[in-house]
Amino acid sequence: MLSFFKRANLTLHPLAQKLFKLMEQKQSNLSVALDVTKKQALLDLADRIGPEICVLKTHIDILEDYTPDVSVELKRLAHKHQFYLFEDRKFADIGNTVSLQYEKGIYRIAEWADLVNAHIVPGPGIIEGLKQVGKPLGRGLLLLAEMSSAGALTDSAYAKKAVAMAEEHSDFVLGFISQRKLSDNPGMIHFTPGVKMHEGKDALGQRYITVEEAICQRKTDVVIVGRDITGASDPLAAAKMYRSAAWECSNKAHAFS
Ligand code: 5BU
C-alpha cells in the first residue's frame, strides 16, 4: 500500500490532498465520533482529543442546546489542533432537497463541515446537488458504500455501485464509509466506523471489528471510534491508544507493499 504522503500526489481533489498530508504530518489516521448531546461536552472533548485525530466526526443534530457559535468554536478548534470536521449527516434525498439541507436550515452544514456523507440510494443526483454547494467551498463528500450494522442492505453489488459513482464524481467525492478497502484508486480514502479494541456488538445492531482487522486485514485508511473513547474514564488516554494502534497498523500495511 502506498503511503498517505504519496497518495496526496495521486489525487486532484484539493481536500483529499490536504487530508493525506495532515495524516502523514500528524501521524494520525484516527477519527473520533463525538456523539454527545451538550455543546460544552462536545467542545471540551474536541479540545482535549483534538491533538490525536485527523478528523472529528459530529452528529450536530443530536445537540440539545445547539447555537450557531458551536460551529464557530468547532472551526476554531479544528484550526488550533489541525483536524478536519466531518458531519455524519448521511444525506439521502433528491439533489434539490439535499442541497438545501446542506447549505440552509439551522445548522448551515456547508459553512463549517469539511466532509459530509451521502447514501447512494437516490442515484447520482444526490451527488450533483451536494456538489453544487460544496465544491466551490472546497468541501468533500464520502459515499456510504457499506454500513457497520447487522443486517445492512449494503451488499457487495451495492458497494460496487458506490465505487462507480465515486469515480464519476471524483472532483467532489474523495472516499467512502465502508468496512473494507473497496477502490484501487489511491486518491479515494476509506473511513471505517464500528471499531473497538475487541470485536463485538452493541444492543442496537452495531457491530465492531478491531483496529487491526480494519486496517491490516481489510486495508481501510481511517478508523472511526466513538463510545470506546467518549465513554472511557480517560478519553484522552483512550484516544492516544487508538491513535497509536491505528498508525502502527497502517505503517505495517505500507511497509509490506
Ligand atoms: P460507536 O460509539 O463507536 O459505535 O460510534 C460509531 C459512530 O459511527 C456513530 O456516530 C455512528 O453514527 C457512526 N456510523 C456507524 O457506526 N456505522 C456506519 O455504518 C456509519 C456510521 Br455510515
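The values are calculated or read from the model by the stated rules, or taken from the named source; none is laboratory data. Remember, it's a predicted structure, so these values are computed and weren't measured experimentally. Cβ atoms come from the backbone with ideal geometry, glycine included; neighbour counts cover every protein chain shown.
Some values worked out for this structure:
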| quantity | calculated |
| --- | --- |
| Considering residues of the range 219-243 that are hydrophobic (A, V, I, L, M, F, W, C) and more than 9 Å from the ligand (Cβ to nearest atom) only, the residue surrounded by the fewest Cβ atoms within 10 Å (Cβ to Cβ) | Ala237 |
| Test for Ala253: is it in a helix (DSSP H, G or I) and at pLDDT below 95 | yes |
| Among the candidates Lys90, Lys75, residue that is out of contact with any Gly (no Cβ under 9 Å at 6 or more places or on another chain), on the phi > 0 side of the Ramachandran plot and outside any loop (DSSP other than H, G, I, E, B) | Lys90 |
| Any hit, the range 153-174, residues being modelled with pLDDT of 95 or more, closer than 21 Å to Ser31 by Cα and either of a type outside the set (A, V, I, L, M, F, W, C) or touching a Cys at 6+ places or on another chain (Cβ under 7 Å) (or both) | no |
| Scan of the range 90-102 for residues that are surrounded by fewer than 21 Cβ atoms within 10 Å (Cβ to Cβ) and either within 16 Å of the ligand (Cβ to nearest atom) or under 26 Å from Asp47 (Cα atoms) (or both), ordered by number | Lys90, Ala92 |
| Residue check, Ile215 buried (at least 23 other Cβ atoms within 10 Å of the Cβ), touching a strand residue (DSSP E or B) at 6+ places or on another chain (Cβ under 6 Å), touching a residue at least 60 places away in the same chain (Cβ under 8 Å) and hydrophobic (A, V, I, L, M, F, W, C) | no |
| Flag for Lys26 being over 21 Å from Gly134 (Cα atoms), under 17 Å from the mean Cα position of the chain (by Cα) and basic (Lys, Arg) | yes |
| Neighbours by Cβ (under 6 Å, 6+ apart or cross-chain): first from the range 80-104, over 22 Å from Leu63 (Cα atoms); second hydroxyl-bearing (Ser, Thr, Tyr) and within 14 Å of the ligand (Cβ to nearest atom) | none |
| Cross-chain or 6+ apart pairs with Cβ under 9 Å, the range 194-209 first and surrounded by fewer than 17 Cβ atoms within 10 Å (Cβ to Cβ), then β-branched (Val, Ile, Thr) and in a strand (DSSP E or B) | Glu199/Ile209 |
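Residues are listed down the side, and each one gets a yes or a no for (1) at pLDDT 95 or above; (2) outside any helix (DSSP H, G or I):
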residue: Met1; (1), (2): no, yes
residue: Arg7; (1), (2): yes, no
residue: Lys18; (1), (2): yes, no
residue: Val32; (1), (2): yes, yes
residue: Leu43; (1), (2): yes, no
residue: Ala46; (1), (2): yes, no
residue: Pro51; (1), (2): yes, no
